[in-house]
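Q: Can you read through this structure? Questions will come right after.
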């Protein structure tokens with residue numbers, strides 16, 4: 001995925017999180033107080049005007065039904081998995097394709113001796129660091145920024161160079177990325193996590209159904225979503241067959257802890273003012289633990 005395209009996709013997610021942050025506590029699906037501060041350009045102008053924001057959100061729902069609900073539910077699901085991992089004794093967090101993820105700056109749980117590795121394209125990372133310096137005054141010592149051009153650099157090399165410790169309990173967050181990668185790249189990253197993580201480590205990520213990638217999905221909103229990402233120049237490349245997530249992850253060295261559907265997150269997260277939001281039904285959210293490898297006794 002090219003850098004400019006990735007940034008446009010991230011901007012939409014940020015404005016969706018901004019809209020959630022402005023809701024009453026009891027109506028929010030997720031809460032990211034940093035989201036609005038990361039907006040730029042046309043998106044900042046839209047967010048600064050209440051009417052423009054409503055029109056923008058209405059239009060986004062029309063062209064890609066359920067995408068807004070999917071995005072904010074995904075953020076909530078990952079937050080919950082992260083908090084559980086911290087409670088279980090997490091040592092380090094790796095955020096792949098971090099973009100404008102603000103978890104390291106907004107979550108108190110991550111300031112308790114947990115090292116955070118933010119892995120991203122150098123251009124996006126530099127822009128984010130500049131904004132954070134203005135907002136916070138300085139960058140936190142607990143965050144390690146790992147610049148990587150996935151077309152040129154290797155994840156394992158860059159992470160180990162940056163101080164990643166494969167003997168510590170880790171969580172990898174992979175949010176809104178895999179659908180744009182070729183299957184081989186997905187397998188390569190999962191193999192790295194499975195083979196270079198201590199006992200108790202895990203990964204949390206979202207995925208779309210393979211039928212959306214193939215263009216054969218007739219579920220609500222699938223055609224609109226596929227058309228929209230194609231218009232942005234972001235071809236869909238990877239998906240998992242519906243109902244096969246447990247086998248997919250097991251075959252790659254993981255045991256699924258949670259495999260949330262759109263129906264689950266809709267009933268669990270969407271209350272009050274948010275109850276009317278649709279959630280695209282052609283996706284899943286997975287939290288999977290690295291399987292403990294048996295020691296071979298010679």
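Q: Do you know the relative contact order of the chain, to the nearest whole percent, from alpha carbon pairs under 8 angstrom that are 6+ apart?
A: Numbers: 479 pairs, mean separation 62.8, N = 298.
Computed value for the chain: 21 percent relative contact order.
Q: Which order do the peptides 267-279, 50-62 come out in when sorted by mean C-beta neighbours inside 10 angstrom, highest first? List each step's numbers first, then the result.
A: Numbers: 267-279: 15.8, 50-62: 13.0.
Top to bottom by mean Cβ count within 10 Å: 267-279, 50-62.
Q: State whether segment 3-290 is rounded, prolate or oblate according to the following rule on the C-alpha gyration tensor (a ≥ b ≥ c being the square roots of its eigenvalues): a/c under 1.5 gives rounded; otherwise a/b larger than b/c gives prolate, and the remaining case gives oblate. Please report the intermediate quantities before stating the final value.
A: Details: a/c = 1.43, a/b = 1.14, b/c = 1.25.
Cα axes put segment 3-290 in the rounded bin.
Q: Can I ask one more? Using mean Cβ contacts within 10 Å as the protection proxy, how do 14-25, 129-140 order, highest first? Intermediate results must be reported in sequence, preceding the final value.
A: On the way: 14-25: 19.0, 129-140: 12.1.
With the highest mean Cβ count within 10 Å placed first, the list reads 14-25, 129-140.
Q: Sticking with this structure for a sec: Computed FRET efficiency, Cβ-Cβ of residue 134 and residue 55, R0 45 Å: what is it to the nearest 0.05? Don't skip to the end; give the middle numbers.
A: Working: r = 29 Å, r/R0 = 0.65.
According to the calculation, E is roughly 0.95.
Q: Residues in segment 185-224 near a label at residue 156, defined as backbone nitrogen under 13 Å from the 7 Å Cα→Cβ point?
A: Residues passing the 13 Å test: 188-197.
Q: At residue 27 and residue 231, where each label point lies 7 Å from the Cα along Cα→Cβ, what is the point-to-point distance in nanometres?
A: 2.7
Q: Something else: Segment 152-176 to segment 266-292: how many Å between their Cα centroids?
A: Here the two parts' Cα centres lie 26 Å apart.
Q: Classify segment 72-179 as rounded, prolate or oblate from the Cα gyration tensor: take a ≥ b ≥ c as the square roots of its eigenvalues, call it rounded if a/c is under 1.5, otherwise prolate when a/b beats b/c and oblate if not. Present the calculation step by step, with values, prior to reporting the outcome.
A: Working: a/c = 1.28, a/b = 1.14, b/c = 1.13.
It comes out rounded by the Cα gyration axes.
Q: Once you order the gyration tensor axes a ≥ b ≥ c over the Cα atoms, which shape class does segment 117-229 get: rounded for a/c under 1.5, otherwise prolate or oblate by comparing a/b with b/c? Can you show the working numbers first?
A: Values: a/c = 2.20, a/b = 1.43, b/c = 1.54.
Here segment 117-229 falls in the oblate category.
Q: Determine the calculated [θ] at 222 nm for the chain from helices alone, applying -39500 (n - 2.57) to every DSSP H run no shorter than 4 residues and normalising by the residue count; nearest 500 deg cm²/dmol. Don't skip to the end; give the middle numbers.
A: Values: 13 runs with 133 residues, N = 298.
Estimated from H runs of four or more residues: -13000 deg cm²/dmol.
Bear in mind that the values in this text are calculations on the coordinates, not laboratory data. Values in this document were obtained by computation on a predicted structure and should not be read as measured data. Cβ: placed from backbone, ideal geometry, glycine included. Neighbour counts: every protein chain shown.
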